[in-house]
Amino acid sequence: MRLVSLSHLALAFALTFAPARVLSAEYHWNAVVSAGWSAPGSWTPARVTPLATDRLVFDGGGVSAVTGVPVATIGQMDVSNGTQITFSPSVSGNAITIGGDTGTDVTIAAGSSLNLAGTNTISINLAAGATASVAGTLTAAGGPHRFSARDADAIQILAGGKAKTLTGFGGSLFGPGSGFNTPNSVRFQSGSVFAQGAGSNPFGLSQPASIVMFDHGSLYQVNPAVDLSLSGRTLANLEYNGSGTSNTTGSADCTIDSIVVNSGTLNLAMTSTVSIRGSIRVRSNGVLNLGPTSGSVTYRLNGVATQVLADSSTVPSGSFYPAGLVLTPAVTVVVDNPAGVTLDPKLWRLFVPGTLQFASGVMSTPGYSAVRLGTTGSITGASAGTGWVSGLVEFELLPSAPSRTLPTGTATEFAPIDLMFHAVTDTVLVLGGTFVEGPETPNYFDGSQLDTLKNVNLAYALLIPDSTAWGSFDAVLHFNAADIDAGADPNQFVARSRFIGYAGAPLTWRSAVTTTRTPTTIDAIGVTRARPSDYSFAFAVGVPTQVHISALDVSRAEDTGAMPFRIKLSEPSVDAVSMHYQTADGSALAGADYTATSGNFVLAPGATEYVVTVPIVVDSVPEPDETFSLVLSNPMNAVIDKGTAIGTILDDDDVTPPVAQVLYPNGGETIIEGSIVNLLWSATDNVVVVGVNLSYSVDDGANYTPIASALANTGSYAWTVPTGLTHLARLKVVASDQHALTGQDVSDAAWSIWGVNAVAPVLPTAFAFDVASGNPSLVGTRLRYALPQEQHVRLTMLDARGRLVATLVDGLE
């Protein structure tokens, strides 16, 4: 008898009785339009024996319906290849359980969709360990269908994927349902969308627990007017497209990436802190009410990129501003974003009846947008370290509280304005802010009488349309050392204010009374309206320039009867400029030639010119032009640059031209070329000869060459005789008087110019061409020719073959 080892028996038993592993089978849906789930022929291969491990694949493309969906368990399910498949159960409450296998257990590929439809409800439940991936579309309509999972993060809605509920759907798509209510089991990844067109709380559980999680960059799109359960939730982008009103309440903190309201009214009446990390936009006929009607709540703008608040909703009748984005008095809006918050640049107002608080970052109001504070609104926490409003703040002042600080500045500098109004009799609306002098305020300092290289590069603006409810105001203007031009001394700073009225009156700068100065502040006190209609006040700060004043010379004909002296300023003066003036005799005498004039003039602020008119005594006696002076003295708010102006009275009675006569050479004389000869003439006039012109001719007066012009009438001019021999020389004298009347004379007869060796000139009687001198020569050859009269000469040089080498002369000789 053979003995068998016990260990070998145990191994044989195990090998004999271990259950065999059941391999999953894959079945492809082959129905073109619709077919029953349980029909074996609906599948390829025919699904004769359904097993809980089967993998069902819907990849035939097109649109198809699966009817009679039973209660069943399968291993996996795949919807792909653009297939649009609809599940309809035979009775309400049926469920497909996904047991799971290797890899993703439910796949809805991009471009494909799984639709749970009909009044008979159906659930697709993922068992423990099973997962789902949706890159296409998951839709539920007609009843309270469910798509649930046992494990956290089991269902992933991928970028481009979408889940949506439509008409007839109820409850929450992702649970709770029959034990499949695991928290955090569904995750909408960045780029995915949950479009809720029907149903209620999509989160499935009481806050703060949630079945659905929204990653940053995903979108929760609410299309009906349903109440949202946002309390305690973390959302990404929220888009509301309702046609009615949705009311959202809750006392647990909530986080939202961005909010868009395209239509309908969304009331976020949370009583806890709501963190908003992105932009808020209200469009079309949408309304977004932030905050409860009472109590207090904080909305914290705490993104990492610049957040935009935009309201492009309908403007109500009788209003200037859209009313889509509404903050209740219970709301405190906290700016807590180092990248800043900006209002939409269109003309609108962010109305803050509660509190705008700065923790970190700047709120910008580009263009004409503004933060508007009601009588109960306030701004707190603003500082150089926490943030401020870059742009405009609009607020209301009451007689009981007539002071306010505008916590404004530029994009990089905190430069507030402290205001104190006096004699306030009613509510005063004020709109103000601080701006960088530059593109937003081109040529801002023009006419301010401030040194453009020694000022504070900021512009301060206030708009006060209520022009009758106050008397005056004080303003403390703040600036930073970085805003001051290099070399500017704050101890010399003055403040200027500028006004413009409703009727479009011209811009005019005024001096503002300044009191206390510090290196970074200046006080402007007692600012009032220049005109009753003034409603706009602008301020500039810097070192004042000095206005210079000049009297300009002028001349007028005697018969005009007046001499207008222009007094000019170097630039418009902010303050009125005054000056004394007095005439003084010159060659013109007061009483005989003009009327003595004196007095004072005042140039209003902004003016740059004044005219003093002095009467001229008109007579009929020819006389020389005469002069007298206008002398300036005792300037105020200006310094004299040119204080004496010369007035010239131009005589208008002289009609007699001068008489001129050539005295030497006058005919027959001989002078030597290169010698110095005194040319002599006489010229007389009934008033005065103001100038003499001399010229000479070498061709008996046919042509003249200038000798000298505008000579004094001395009767003599030392002339160096030029080279050129002639027997036909003549001298011409032209004399002019003060009215440009002229008289002239020419030598009575020709005179001669001889050579330096007393060689008399020989005048040719016919054309002649002399033999070339110095031929051959290394330094040049002289060619001489003679002409009996002026005529055109062309002299060329040819080679031995008759070809042109050069043209030496071609013109009138």
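The values are calculated or read from the model by the stated rules, or taken from the named source; none is laboratory data. As the structure is a prediction and not an experimental result, all values here were calculated from the model. No Cβ is skipped: glycine too gets one built from the backbone with ideal geometry, and neighbour counts run over all protein chains shown. All accessible areas refer to the heavy atoms of the entire protein, side chains included, with ligands and DNA or RNA removed. Shrake-Rupley method; radii C 1.70, N 1.55, O 1.52, S 1.80 Å.
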- Return the whole-Å distance between the Cα centroid of the stretch 182-252 and the Cα centroid of the stretch 453-487. 48
- Query: Hey, if you put +1 on the Cβ of every Lys and Arg and -1 on every Asp and Glu Cβ in the chain, which of 800, 87, 678 ends up farthest toward the positive end of that dipole?
  - Reply: 87
- Accessible area (Å², 1.4 Å probe, nearest 10) - residue 676: 120
- Item | All-pairs Cα distance distribution in the stretch 265-396, expressed in whole percent, bin size 5 Å | 2, 12, 20, 27, 24, 12, 3, 1, 0
- When the C-alpha atoms of the chain are aligned to their principal axes, what extent does each axis show, in angstrom, from largest down? 176, 100, 56
- Hey, if you drop one equal point scatterer on each alpha-carbon of the stretch 605-646 and run the Debye formula without solvent, what base-10 log of I(q)/I(0) do you get at q = 0.31, 0.33 Å⁻¹? -1.34, -1.36
- Message: Please report the accessible area of residue 162 (heavy atoms, 1.4 Å probe, ligands and nucleic acids excluded) in Å², nearest 10.
- Response: 70
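With charges set only on the Cβ (+1 for Lys and Arg, -1 for Asp and Glu), what does the dipole of the chain come to about its Cα centre, in debye to the nearest 20?
Working: 36 positive and 62 negative charges, 1176 e Å.
My answer is approximately 5640 debye.
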- Proximal lysines to residue 454, defined as alpha-carbon separation beneath 30 angstrom and excluding residues fewer than eight positions away on the same chain: 568, 642
- Note on the structure: Quick note, the stretch 305-361: a/c under 1.5 would make it rounded; otherwise a/b > b/c is prolate and the rest oblate (a ≥ b ≥ c, C-alpha gyration tensor); here it is oblate
- Just going by the charge dipole of the chain, with Lys and Arg at +1 and Asp and Glu at -1 on Cβ, which of 581, 97, 373 is farthest out on the positive end? 97
- Item | Sequence-distant residues sharing a close amide H with residue 392 (under 5 Å, placed H) | 365, 371
- Message: To make sure I understand the rule: partners must be aspartates and glutamates, Cα under 15 Å from the Cα of residue 162, and not fewer than 8 residues away in the same chain. Which ones qualify?
- Response: 215, 239
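What dipole magnitude, in Debye to the nearest 20, does the stretch 110-218 give about its Cα centre under +1 on Lys/Arg Cβ and -1 on Asp/Glu Cβ?
The dipole of the stretch 110-218 has a size of about 140 debye.
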- Message: Taking the 0 to 90 degree range and rounding to the nearest ten, how far is the long axis of helix 6-17 tilted relative to the main principal axis of the chain, both from C-alpha atoms?
- Response: 80
- Message: Taking θ = phi - 60°, what integer Hz values does the Karplus form 6.51 cos²θ - 1.76 cosθ + 1.60 yield along the stretch 797-803, in sequence order, with x for Gly and Pro?
- Response: 10, 10, 8, 5, 9, x, 8
- Query: Using alpha-carbon pairs under 8 Å, 6+ residues apart, how would you state the relative contact order of the chain in percent?
  - Reply: 4
- Query: Put +1 on the Cβ of each Lys and Arg and -1 on the Cβ of each Asp and Glu in the chain; which of 304, 733, 424 then has its Cα farthest toward the positive end of the dipole?
  - Reply: 304
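Among 44-55, 234-245, what's the highest-first ranking by average C-beta atoms within 10 angstrom per residue?
The packing order, highest mean first, is 234-245, 44-55.
Sort 479-488, 529-538 by the packing proxy (mean of other Cβ within 10 Å over each peptide's residues), most packed first. Spell out each step's value before the answer.
Details: 479-488: 15.0, 529-538: 17.2.
With the highest mean Cβ count within 10 Å placed first, the list reads 529-538, 479-488.
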- According to the Kirkwood expression over distinct Cα-Cα pairs, how big is the hydrodynamic radius of the stretch 517-668, in Å? 19.1
- Item | Charged-residue dipole, Cβ positions (Lys, Arg, Asp, Glu), the stretch 614-677 about Cα centre, Debye nearest 20 | 340
- Task: Over all alpha-carbon pairs in the stretch 389-479, figure out the percentage whose distance exceeds 22 Å.
- Result: 33
- Sorted by chain and number, the residues with a modelled amide H under 5 Å from that of residue 311, at a separation of 5 or more or across chains, are 282, 344
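Show me 216-227, 708-719, 144-155, 409-420 ranked by packing, highest mean number of other Cβ atoms within 10 Å first.
With the highest mean Cβ count within 10 Å placed first, the list reads 144-155, 409-420, 216-227, 708-719.
What does the helix-only formula give at 222 nm for the chain: each DSSP H stretch with n ≥ 4 adding -39500 (n - 2.57), the total divided by the residues, and the result rounded to the nearest 500 deg cm²/dmol? Can you show the working numbers first?
Details: 1 runs with 12 residues, N = 813.
Counting only the DSSP helices, I get -500 deg cm²/dmol.
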